[in-house]
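In what follows, a structure is listed as structure tokens, so that the remarks can point back to it.
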Amino acid sequence: MKVVVVGCTHAGTATVVNLKEMHPECDVTIYERNDNISFLSCGIALQVGGVIAEPKKLFYNSPEKLAKSGVVTKMKHDVLDIDFDNKKLKVKNLLNGEEFEDYYDKLVLTIGSWPIVPKFEGGDLENIVLCKNHDHAEIIVKKTEHAKNVVVIGAGYIGVELAEAFELKGKKVTLIDAEERIMAKYLDKEFTDIAENEFRSKGVKLVLGEKVARFEGENGKVQKVVTDKGSYEGDLVVLCIGFAPATKIVQGKLDTLKNGAIIIDEYMRTSREDVFAAGDCCVVKYNPANEERYIPLATNAVRMGTLVARNIENPTLKYMGTQGTSGIKIYDQCIASTGMTEEVAKATTNFNIASVSIRDNYRPEFMPTFEEAMVKLVYNKDTREVLGGQIISKIDLTQMMNTLSVVIQNKMTVEELAMTDFFFQPHFNKPWSLLNAIALEAL
């Protein structure tokens with residue numbers, strides 16, 4: 001059996017590693033445009049801020065390591081076309097320009113996503129950069145040395161992490177987003193208010209509810225970002241607007257969503273026989289809303305790639321879906337969320353949405369130290385099922401959202417969560433866990 005894997009970041013790497021473990025006899029070939037694999041882009045901000053001294057540690061695998069396991073690793077190779085009827089690929093060697101054909105018995109598409117880049121006037125000026133892969137990371141780190149005024153466009157997780165990193169490097173930072181709040185997709189207002197205050201207290205300028213109109217500069221280099229409401233100095237601009245599936249090569253050939261995300265079944269199979277897909281190029285089953293959505297996360301990609309390997313010969317292990325669980329640390333604030341926020345739930349579903357919030361110290365007040373935590377629970381008032389949750393504290397309590405992710409996945413009710421067994425130990429918590437307490441509040 002010959003398996004060809006197109007693209008090799010997280011989903012591709014997980015596919016290949018598991019394939020060689022489970023099917024050591026199979027012939028595996030990777031085609032990858034870059035000269036590296038498995039780069040953890042979530043570490044770019046840590047690299048920029050100087051938290052990570054050795055960027056090489058952001059790679060958890062390598063072409064050389066995969067080659068030693070018997071994988072044919074074709075780096076700097078671009079797949080130009082795929083003939084699904086005849087199971088053939090047209091490939092270009094980016095180093096010498098040579099084009100050739102290859103064939104497959106099973107094809108795995110892990111072609112990922114790419115940053116959304118609107119066509120702004122002045123968008124071709126120098127020092128306007130993207131933030132996605134290792135090459136981008138190297139460029140950002142290099143340009144940061146000479147930058148004074150940094151503008152980050154897009155206040156999702158990547159944007160806010162970069163804003164903090166630039167501020168820690170002593171730069172004058174402006175964070176721009178068309179939404180009225182930062183991280184609006186992941187957190188409700190009471191949580192983003194705290195995060196925004198953290199940024200403002202450190203001198204980061206938050207420009208929210210404004211859309212970028214154009215860039216201006218001199219001598220071919222950017223100097224200013226102009227929005228629909230103002231203008232802001234910036235000699236380095238980082239675009240973090242969002243991501244879209246990089247699926248142009250399969251458009252019209254596979255079933256996809258309108259945004260190009262490949263539609264797959266619970267065994268990672270596409271609409272064509274013997275063709276699998278995983279990672280940022282795909283839809284995911286979003287359990288809280290019980291529908292398919294596009295949620296590009298490395299955690300999804302690794303799970304999906306692993307499932308491809310397990311289902312490559314026969315449908316064996318089903319995809320359980322995702323809650324979109326995520327976490328972030330902004331200065332001293334440890335924040336995590338899972339499932340739907342109250343705002344997103346009300347805007348995207350017809351459910352009868354309710355929510356509760358509590359503030360409480362995470363462990364008994366008789367302990368030498370204790371910190372306050374704020375927790376929020378979102379649920380369906382009719383079915384009582386838990387749909388989402390958020391937590392913020394200066395103490396790392398983010399793992400509670402992993403627990404709540406399991407609660408959502410298993411369609412537990414607020415009544416069940418209220419009475420779920422959690423341990424009590426004064427070093428760590430109170431007799432009623434914060435998750436018990438928030439569910440009791442819902443009752």
Q. With respect to Thr369, is the statement that it is assigned to a loop (DSSP other than H, G, I, E, B), among the β-branched types (Val, Ile, Thr) and either in contact (Cβ under 8 Å) with a residue 12 or more places away in the chain or in contact with a strand residue (DSSP E or B) (Cβ under 8 Å, 6 or more places away or on another chain) (or both) true?
A. no
**Q.** Check on Asp421, closer than 26 Å to Asp193 by Cα, charged (D, E, K, R), modelled with pLDDT of 95 or more and in the same structural domain as Asn352 (by the TED database)
**A.** no
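When you check Ile241 against the structure, is it open to solvent by 40 Å² or more (accessible area, probe 1.4 Å), touching a residue at least 40 places away in the same chain (Cβ under 8 Å) and not acidic (Asp, Glu), yes or no?
Working: open to solvent by 40 Å² or more (accessible area, probe 1.4 Å): yes; touching a residue at least 40 places away in the same chain (Cβ under 8 Å): yes; not acidic (Asp, Glu): yes.
Against the criterion (open to solvent by 40 Å² or more (accessible area, probe 1.4 Å), touching a residue at least 40 places away in the same chain (Cβ under 8 Å) and not acidic (Asp, Glu)), Ile241 qualifies.
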(Q) Filter segment 222-237 down to the residues that are assigned to a strand (DSSP E or B) and either among the hydrophobic types (A, V, I, L, M, F, W, C) or open to solvent by 60 Å² or more (accessible area, probe 1.4 Å) (or both) and list them by number. (A) Val222, Gln223, Lys224, Val225, Val226, Ser231, Glu233, Leu236, Val237
Q.
Restricting to segment 1-34, and then to whatever is assigned to a strand (DSSP E or B) and of a type in the set (Ser, Thr, Tyr), can you tell me which residue is surrounded by the fewest Cβ atoms within 10 Å (Cβ to Cβ)?
A. Thr29
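Has segment 62-80 got at least one residue that is farther than 20 Å from Thr13 by Cβ and surrounded by fewer than 13 Cβ atoms within 10 Å (Cβ to Cβ)?
Start the filter on segment 62-80 by keeping residues that are farther than 20 Å from Thr13 by Cβ, which leaves 80.
Then drop every residue that is not surrounded by fewer than 13 Cβ atoms within 10 Å (Cβ to Cβ), which leaves 80.
Yes, segment 62-80 contains a residue that is farther than 20 Å from Thr13 by Cβ and surrounded by fewer than 13 Cβ atoms within 10 Å (Cβ to Cβ).
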Q) Only one of (1) open to solvent by 50 Å² or more (accessible area, probe 1.4 Å); (2) at pLDDT 95 or above; (3) among the acidic types (Asp, Glu) is not met by Glu54, so which one is it? A) (2)
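The values are calculated or read from the model by the stated rules, or taken from the named source; none is laboratory data. Just so you know, these numbers come straight off a predicted model, no measurement behind them. Note that each Cβ is placed from the backbone with ideal geometry, even for glycine, and that neighbours are counted across all protein chains shown. All accessible areas refer to the heavy atoms of the entire protein, side chains included, with ligands and DNA or RNA removed. Shrake-Rupley method; radii C 1.70, N 1.55, O 1.52, S 1.80 Å.
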